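Take a look at the structure set out below.
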Amino acid sequence: MLSIKNLHASIQDKEILKGINLEVKAGEVHAIMGPNGSGKSTLSNVLAGREEYEVTEGSVDFEGADLLDLAPEDRAKEGLFLAFQYPVEIPGVSNINFLKTAINEKREYHKQEPATAKEFLGMVKEKSALVELDSKLASRSVNEGFSGGEKKRNEIFQMAMLEPKLSILDETDSGLDIDALRIVANGVNKLKSENNATVVITHYQRLLDYIVPDFVHVLYNGKIVKSGTKELALELEEKGYDWIKEEVNA
Amino acid sequence: MAYTEDDLEKELENQEYKYGFTTDIESDKIPVGINEDVVRLISSKKNEPQWMLDYRLKAFAVWKDMVEPEWAHVNYPKVKFQELSYYSAPKAQGEKKWEDIDPEMKATMDKLGISMDEQKALSGVAVDFVFDSVSVKTSFQDKLGDLGIIFCSFSEAVQNHPELVKKYMGTIVPTTDNFYAALNSAVFSDGSFCYIPKGVRCPMELSTYFRINEANTGQFERTLVVADEDSYVSYLEGCTAPARDENQLHAAIVELIAMDGAEIKYSTVQNWYPGDEDGKGGIYNFVTKRGICHNNAKISWTQVETGSAVTWKYPSCILKGDNSIGEFYSVAVTNNHQQADTGTKMIHLGKNTKSTIISKGISAGYSNNSYRGLVQINKNASNARNFTQCDSLLMGDQCGAHTFPYIEAKNSTAKIEHEATTSKIGEDQIFYCNQRGINTEKAINLIVNGYCKEVLNKLPMEFAVEAQKLLEISLEGSVG
């Protein structure tokens, strides 16, 4: 589904990603871990198409298309979803209106009829239940006045509504208490299928107790320096990152 | 990445002013220049009574000695008052029957989307159509007449209801008020007049549509709305002008009078030609709008300002009566080289008076957008309250947003709140929308509409939709 080859990217001439290689297949869950400043968020931003980042080398193939060649909105419409680490507030624009616009843009792109009001509201009801999102939040302005937990749940709600092929969760666990974490993780698990894939970016093993990864990668200094299964995450939790840094620097 | 040069170019084409056409119609236009004879000529063309002429001459005498105000935060070449024509009327004005109206004029109304045909009118909106210096047609007069409501052109009111005009005209905006008001009082040509009798709730929206067609003509119209005790009226005003290279002048006066317990809702969607993207041409919009509230009365101004090269306008409320309420809701958009200096004055005289000001400025391109407001609580206005919220949104890095709030409180029981924010449309917000599959242009529309929602919600339904579209057109291509 996603094939990243030798990806280099920089911001303001400072190279952050220094040759990333990663293969993600349908039905898989990948976790990317790593110390602060290793390039985790840069990777998710580059994949989503944030303009401040410049890709200097490498390629990204997404479902047979050259991802880096697509505008950010087209990447989204092709099925790439980023759950933001810091979801953005849009005052005065209701969550419902925002999602309706997004869904109909996607439908238009795939030459489908726009969703009818009934169809749309049915989806809202079904999907908001997945993340136990209060239906009142659906009619409030996008993320405005939401608590940290509500914002993260709203991200997963949007993900459920848009039914992406590949979801990247950028530190979705940060700022969540244990109950909210469970709700968010349950939502993600319920959305998992044979046909979609998830990349979870996180600092902590904690989230991986709920969203169990097939693969764990350690990102350090702009490169994936170690890959393994979920046991690697447990080892990191126990020993920290220093031993990996030592291995790399040795 | 999201934008190619081609996309941008296409949008800029689309963004052109849709109402820039001219109507090819024979007109009766008086020679350029202004002096006492011109004032007399206008008055005689309109077959006015002596008292009206005297009013004009007095105003002209005042104007001659006045100087153009320069305190506004706008910058434009001086208007050459002797090079303007002060009166232009489509020829062959006879009976104002629909059948008799020039087909060219009908076509113009069609293009502007004004429905005069009462049978075909979709919504219950009565319209007075003012073309250059005269009112062409007012619809639904009979139906309104049954309720005792007078809705007609200003000229008709002078002829048919002189007692009302004499009693109220100039009581809110006196001839001496300011430079443009004095000029208007001397040479005004037409406008709308509306009187709602005691206890009557006007069943439909009343509307005036202003159109400047002739080149080098000033449009000077006046609107006078009198809502008698416990009555209610909602009034709409729309305006457009052809795209011309020269600047055209529009100096209007609007006076609102809300008697005890009355309520007037006055909404404007101002879409005068803003000039081209280099700032050439466009309307100078210098307007004096003011209303007075007697006891328990309420006046609510709502404006969406997207047009004009230069706007100088401060719809105000004099809260004279106890428990009276004044409201001002404004969205002002400037793009390219447009300049707007707009805001309101809330003069609290009565006890327990309340005012609310919500101003949303949006600046793009090389434009300058200023909010200028005065909240004045006078000595006897005990327990007066004001809430002001004044937000500015910047798009791009070449435009300016300025706020000049003045607060004068002479009564210690006054409660005044002022909130102000300045923000840029965030890259973050746009990227967030992009990531959900919404392109940048649509994202900006969403964000801007969200930002203006509090004001747009105050507009009557059909107008709100129009205003929303207008915002989109005005800002198209402003972020690349």
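The values are calculated or read from the model by the stated rules, or taken from the named source; none is laboratory data. No experiment lies behind these values; they were computed from the predicted model shown. Ideal geometry is used to build each Cβ from the backbone, glycine not excepted, and the neighbour counts take in all protein chains shown.
Values computed for the structure shown
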| quantity | calculated |
| --- | --- |
| Enumeration of residues in segment B:283-337 that are at pLDDT below 95 and part of a loop (DSSP other than H, G, I, E, B) | B:THR306, B:GLY307, B:SER308, B:ALA309, B:TYR314, B:PRO315, B:ASN335, B:ASN336, B:HIS337 |
| Segment B:293-309, residues that are surrounded by 24 or more Cβ atoms within 10 Å (Cβ to Cβ) and either in contact with a helix residue (DSSP H, G or I) (Cβ under 9 Å, 6 or more places away or on another chain) or more than 24 Å from B:GLU454 (Cα to Cα) (or both) | B:THR302, B:GLN303, B:VAL304, B:THR306, B:GLY307, B:ALA309 |
| For B:TYR19: the one exception among (1) surrounded by 16 or more Cβ atoms within 10 Å (Cβ to Cβ); (2) at pLDDT 80 or above; (3) closer than 18 Å to B:GLN248 by Cβ | (2) |
| Pair list, Cβ under 9 Å, 6 or more apart: segment B:397-410 residue in contact (Cβ under 8 Å) with a residue 60 or more places away in the chain, other residue among the acidic types (Asp, Glu) | B:HIS402/B:ASP341; B:PHE404/B:ASP341 |
| Residue match in segment A:229-248 (condition: out of contact with any helix residue (DSSP H, G or I) (no Cβ under 9 Å at 6 or more places or on another chain), β-branched (Val, Ile, Thr), surrounded by fewer than 16 Cβ atoms within 10 Å (Cβ to Cβ) and touching a residue at least 12 places away in the same chain (Cβ under 8 Å)) | yes |
| Tally of residues being facing chain B (nearest Cβ under 8 Å), under 25 Å from A:GLU23 (Cβ atoms) and over 17 Å from the mean Cα position of the chain (by Cα) across segment A:48-79 | 1 |
| Meets criteria (more than 8 Å from chain B (Cβ to nearest Cβ), under 22 Å from the mean Cα position of the chain (by Cα) and of a type in the set (S, T, N, Q)) for A:SER94 | no |
| Check on B:ILE438, buried (at least 20 other Cβ atoms within 10 Å of the Cβ), in contact with an Asp or Glu (Cβ under 7 Å, 6 or more places away or on another chain) and facing another protein chain (nearest Cβ under 10 Å) | yes |
| Of all residues making up segment A:99-110, the number that are at the interface with another protein chain (Cβ under 7 Å from one of its Cβ atoms) and either crowded, with 22+ Cβ neighbours inside 10 Å or touching a strand residue (DSSP E or B) at 6+ places or on another chain (Cβ under 8 Å) (or both) | 2 |
| Hey, B:ALA340 farther than 25 Å from A:PHE98 by Cβ and buried (at least 21 other Cβ atoms within 10 Å of the Cβ) or not | yes |
| All strands (runs of 3 or more DSSP E) inside segment B:204-249 with 3 or more residues being at pLDDT 85 or above and closer than 30 Å to B:ASN296 by Cβ | B:221-227, B:232-240 |
| Residue among A:ILE96, A:ILE90, A:ILE103 that alone is out of contact with any His (no Cβ under 8 Å at 6 or more places or on another chain), touching a residue at least 12 places away in the same chain (Cβ under 8 Å) and under 26 Å from A:THR42 (Cβ atoms) | A:ILE90 |
| Residue within segment A:31-43 that is at the interface with chain B (Cβ under 8 Å from one of its Cβ atoms) and part of a helix (DSSP H, G or I) present | no |
| Sole residue being assigned to a strand (DSSP E or B), under 14 Å from the mean Cα position of the chain (by Cα) and in contact (Cβ under 8 Å) with a residue 24 or more places away in the chain, chosen from A:LEU7, A:LEU82, A:LEU17 | A:LEU82 |
| Top-ranked residue of segment A:222-247 - restricted to ones that are more than 18 Å from A:SER44 (Cβ to Cβ) and in a loop (DSSP other than H, G, I, E, B), ranked as modelled with the highest pLDDT | A:THR229 |
| Yes/no for B:TYR432 being assigned to a helix (DSSP H, G or I), surrounded by 21 or more Cβ atoms within 10 Å (Cβ to Cβ) and under 25 Å from the mean Cα position of the chain (by Cα) | no |
| Residues satisfying the stated conditions in segment B:450-476, i.e. within 16 Å of B:SER330 (Cβ to Cβ), assigned to a helix (DSSP H, G or I) and either among the polar types (S, T, N, Q) or more than 13 Å from every other protein chain (Cβ to nearest Cβ) (or both) | B:PHE463, B:ALA464, B:ALA467, B:GLN468, B:LEU470, B:SER474 |
| Some residue of segment B:368-390 being among the hydroxyl-bearing types (Ser, Thr, Tyr), without any contact (Cβ under 8 Å) to a residue 40 or more places away in the chain and within 14 Å of chain A (Cβ to nearest Cβ) | no |
| Which listed residue, of B:THR421, B:THR413, is within 14 Å of another protein chain (Cβ to nearest Cβ) and either out of contact with any Phe, Trp or Tyr (no Cβ under 7 Å at 6 or more places or on another chain) or touching a residue at least 24 places away in the same chain (Cβ under 8 Å) (or both) | B:THR421 |
| Cross-chain or 6+ apart pairs with Cβ under 6 Å, segment B:251-272 first and over 15 Å from B:THR344 (Cβ atoms) and modelled with pLDDT under 90, then outside any strand (DSSP E or B) and β-branched (Val, Ile, Thr) | B:ASN271/B:THR306 |
| Counted residues, segment A:41-60 - those being closer than 21 Å to A:ILE211 by Cα and either surrounded by 21 or more Cβ atoms within 10 Å (Cβ to Cβ) or modelled with pLDDT of 95 or more (or both) | 2 |
| Total residues in segment B:354-367, condition crowded, with 24+ Cβ neighbours inside 10 Å and free of Cβ contacts under 8 Å to residues at least 60 places away in the same chain | 6 |
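Yes/no matrix, rows are residues, columns are (1) of a type in the set (A, V, I, L, M); (2) modelled with pLDDT under 80:
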position: B:GLN50; (1), (2): no, no
position: B:LEU53; (1), (2): yes, no
position: B:TRP71; (1), (2): no, no
position: B:GLN93; (1), (2): no, yes
position: B:ALA107; (1), (2): yes, yes
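Listed here are the residues, each with its yes/no results for (1) over 18 Å from the mean Cα position of the chain (by Cα); (2) modelled with pLDDT under 85.
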residue: B:ASN439; (1), (2): yes, no
residue: B:LYS453; (1), (2): yes, no
residue: B:GLU462; (1), (2): no, yes
residue: B:LEU470; (1), (2): no, yes
residue: B:ILE473; (1), (2): yes, yes
residue: B:GLU476; (1), (2): yes, yes
residue: B:VAL479; (1), (2): yes, yes
